[in-house]
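Scroll down for the structure; my scribbles are underneath it.
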Amino acid sequence: MAGIVAIWQRDVLKFFRDRARLVGSFAMPFMFLILFGSGMSGAMKAMMGGTGASGPLRDFDFVEFMFPGIVGMAVFTTSIFSALSVVQDKEFGYMREILVSPISRMSIAIGKVLGGSTVAVFQGLLMMIFVPFIGLEINLSIILRLIPVMFLVAFVISSIGLLIASTLKTSQAFQMVIQILIFPMLFLSGAFFPLSGMPAWMNVLVKINPLTYAVDMFKKIILQADQMTPALKEAMGLNLSVFNHTITFTEEVLFMVAAGLIFIILATVSFSRTEAT
Amino acid sequence: MDPIIEVKGLKKDFKQFEAVKEVDFSVEQGEIFGFLGPNGAGKSTTINMLSTMLKPTGGEARINGFDIVKSRNDVRNSIGIIFQETTLDDKLTANENLMLHCKFYGVDPSIREERIREVLHIVDLADKRKQIVETFSGGMKRRLEIARGLLHYPKVLFLDEPTVGLDPQTRSHIWEYILKLKEKAGITIFLTTHYMDEAEICDRIAVMDHGELIALDTPYELKNKVGGDVVEISTSDNEAAQAKIEQNYERNVKNKDNRLTFHVTKGDEFLVQFVREFEVPLHSVNLRRPTLNDVFLHLTGREIREETASQKEIMKRNMKMSMRKGRR
């Protein structure tokens, strides 16, 4: 247990000490929100039925729609890149210091994943700075509900990151694999545009993408979906369904917990095979 | 008292390549035990097996009474290791590196502060405690690693080429610290080196070559085996001289770099006689006590500094170097 805490503590400490990384992982979601969000907002509105749209669709605001996706993006990129520290520890030799110590491989893996998750939750919370600028209303109770969900998502993604990192030896290789993974996962998650009217094959990818459920959960909490009109809900793409069954929030949580368990087990097994030499 | 390290028939194969071929030895408590040999001789592989980092292909070994395969965690608690390459976290302070180590090894929180102070004092880094390791010189990093390796009071401290890549002054400092350790803590030290002069501080030395132990003895005895003092001469006609010496004194002469080398007992007396009666004109004469390098030469016919690394080893090293370059 003390081992898990030590591994966790080191990664969190290093994250806050590394200013460049702090700013860097903040800049990407920020630029997406400003450039992509504001730039596309007019076009999106036009597509939704023009500026003269009547009824509930008049309330559709693209920047608002995108915001939960941006939070998802911040959590996602931070947690998946957190596993870079595992590869770097191998490269710079520190992994040997950890591996020759009496801490079990499982504790190391869990400590690493928890470290990445903590940092990612922090990044996600940092995104709340934008809230006043985009006209959203967020209160403390939303944030308190958001934190455990962000942590759950971050845990799943960090485990996927560790699974990848445990098989790779150089940070170049890791970064390349992650880049290849990030874009399809982000674009097929509903973070940037409503997922409707997509080709069937794409729909399959969307439904197996863990990030889809993550983004959907963020939307449901941040946009307060339970207070929306059905038509607006539909336009926001909030009626996520699998086999004609509309997924509930609880089911999403269960799905993420299951994914988290599967990936942390796979990652731990894969990491345990790491030889220190 | 039982030996602190016991090794029986330990071997390691990497696919076709036999890195370590069934070695046997034991190390007594409090000993400084040296592992000497050229690059690629199997020293690091042996250390990696003893420190539970690498699974042996065969044989067995016990450290502090614990089997290195079956009781890995007990072994890990009993040993400290200083690797060839630095394994510090550059971005953290010396104190943070040490504190993490305490936590990894379950050092009781109430004694951490005291231990850290103690080990930093041993390696003279007490005033650098709050500094980021990145700002340290190579020698300071090495010292900090030695300090870190001692934090959990290991029974055995492994030092894999502890002075490689350091300047001569720093090297001699590092040895001072290691000797100080032995006196103060009574710790068993297991070290590998390919510097002959450094190996002389050991109580006993195992010479390793091509994965096999070819000798194991005290430095004194090893040197005695060479057969007396070393005479080095250069002459106007080395070939004629070599023939003469082999004929007249029945000595085995090595001709290398324009110098003839041979061993004699009671070198001082021999030399007086030799200079007086030798017929080929002499350019220079040198008499010295044998070094461990002579021992190695005697045992293997090669000098240890002639890099006899296998192809595989060379490849490994080149790869590591290019990786380093890429990193910075």
- Note on the structure: With a 1.4 angstrom probe the carbon and sulfur portion of accessible area for region B:5-222, in percent, totals 47 percent
- Query: Of the peptides B:28-39, A:197-208, B:8-19, how do they stack up when ordered by the mean number of other Cβ atoms within 10 Å, highest first?
  - Reply: B:28-39, B:8-19, A:197-208
- Message: Just to confirm, what accessible area per residue do you get for region B:1-107 at 1.4 Å probe, in whole Å²?
- Response: 37 Å²
- Message: Which one, B:241, B:82, A:133, is farthest towards the positive end of the dipole of the protein assembly as shown when Lys and Arg carry +1 and Asp and Glu -1 on their Cβ?
- Response: A:133
- Query: What angle, in degrees between 0 and 90 and rounded to the nearest 10, separates the Cα long axis of helix A:105-126 from the longest principal axis of the Cα atoms of chain A?
  - Reply: 30 degrees
- Once the dipole of the protein assembly as shown is set up with Lys and Arg at +1 and Asp and Glu at -1 on Cβ about the Cα centre, which of A:100, B:152, A:232 lies farthest towards its positive end? A:232
- residue A:233: which aspartates and glutamates have alpha carbons under 16 Å from its alpha carbon, excluding same-chain residues fewer than 8 sequence positions away? A:59, A:61, A:64, A:216
- Task: Measure nothing but the geometry: give the 0 to 90° angle between the long axis through the Cα atoms of A:210-222 and the longest principal axis through the Cα atoms of chain A, rounded to 10°.
- Result: 60 degrees
- Query: Going down the list B:70/B:103; A:112/A:207; B:43/B:184; B:182/B:225; A:14/B:11; B:70/B:128, which pairs span over 32 Å between their C-alpha atoms?
  - Reply: A:14/B:11; B:70/B:128
- Query: So which residue, out of A:12, A:119, A:75, gets the largest mean-square fluctuation from a GNM of chain A using Cα contacts under 10 Å as springs?
  - Reply: A:12
- Check: the protein assembly as shown dipole with +1 on Lys, Arg Cβ and -1 on Asp, Glu Cβ, in debye: 1540 debye
- Query: Does anyone have the angle between helix A:2-17 and the longest principal axis of chain A? Alpha-carbon axes, 0 to 90°, nearest 10?
  - Reply: 60 degrees
- Could you give the dipole magnitude of region B:5-222 about its Cα centre, charging the beta-carbon of Lys and Arg +1 and that of Asp and Glu -1, in debye to the nearest 20? 820 debye
- Based on DSSP H runs of at least 4 residues, each adding -39500 (n - 2.57), what is the mean residue ellipticity at 222 nm of chain B after dividing by all its residues, to the nearest 500 deg cm²/dmol? -12000 deg cm²/dmol
- Dipole of chain A (Lys/Arg Cβ +1, Asp/Glu Cβ -1, origin at the Cα centre): which of A:115, A:142, A:167 lies farthest to the positive side? A:167
- Out of B:285, B:272, B:20, a Gaussian network model of chain B with alpha-carbon springs under 10 Å gives the largest mean-square fluctuation to B:272
- Rounded to the nearest 0.05, what FRET efficiency do residue A:104 and residue A:128 have when you use their Cβ-Cβ distance and R0 = 35 Å? 0.45
- Message: How much of the DSSP bridge set in the protein assembly as shown is antiparallel, in percent, rounded to the nearest 5?
- Response: 65 percent
- Taking a probe of 1.4 Å and counting only protein heavy atoms, give the total accessible area buried between chains A and B in Å², rounded to the nearest 100. 2500 Å²
- Charge tally in the Cβ shell below 14 Å around residue B:225, where Lys, Arg are +1 and Asp, Glu are -1, residue B:225 excluded: -1
- Residue among B:127, B:209, B:217 with the largest mean-square fluctuation in a Gaussian network model of chain B, springs linking Cα atoms under 10 Å: B:127
- Query: Which shape class, rounded, prolate or oblate, goes with region A:95-219 when its Cα gyration tensor gives a ≥ b ≥ c as root eigenvalues, a/c under 1.5 marks rounded, and past that a/b bigger than b/c marks prolate?
  - Reply: oblate
- Whichever aspartates and glutamates have a C-alpha closer than 18 Å to that of residue B:130, once near sequence neighbours (fewer than 8 apart) are set aside: A:18, B:89, B:90, B:96, B:113, B:114, B:118, B:145
- Under 19 Å Cα to Cα from residue B:256, which lysines show up? Leave out anything in the same chain fewer than 8 places away. B:244
- Note on the structure: Cβ-Cβ cut-off under 13 Å around residue A:10, Lys and Arg +1, Asp and Glu -1: the net charge is -2
- Item | For chain A, size of Cβ-based charge dipole, Lys and Arg +1, Asp and Glu -1, in debye | 560 debye
- With labels modelled as points extended 7 Å from the Cα through the Cβ direction, what inter-label distance (nm, one decimal) is found for residue B:266 paired with residue A:23? 8.0 nm
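The values are calculated or read from the model by the stated rules, or taken from the named source; none is laboratory data. Given the structure is predicted, the values throughout are model-derived calculations rather than measurements. Cβ atoms come from the backbone with ideal geometry, glycine included; neighbour counts cover every protein chain shown. Each accessible area value is taken on the protein alone, full model and side chains, heavy atoms only, with ligands, DNA and RNA left out. Shrake-Rupley method; radii C 1.70, N 1.55, O 1.52, S 1.80 Å.
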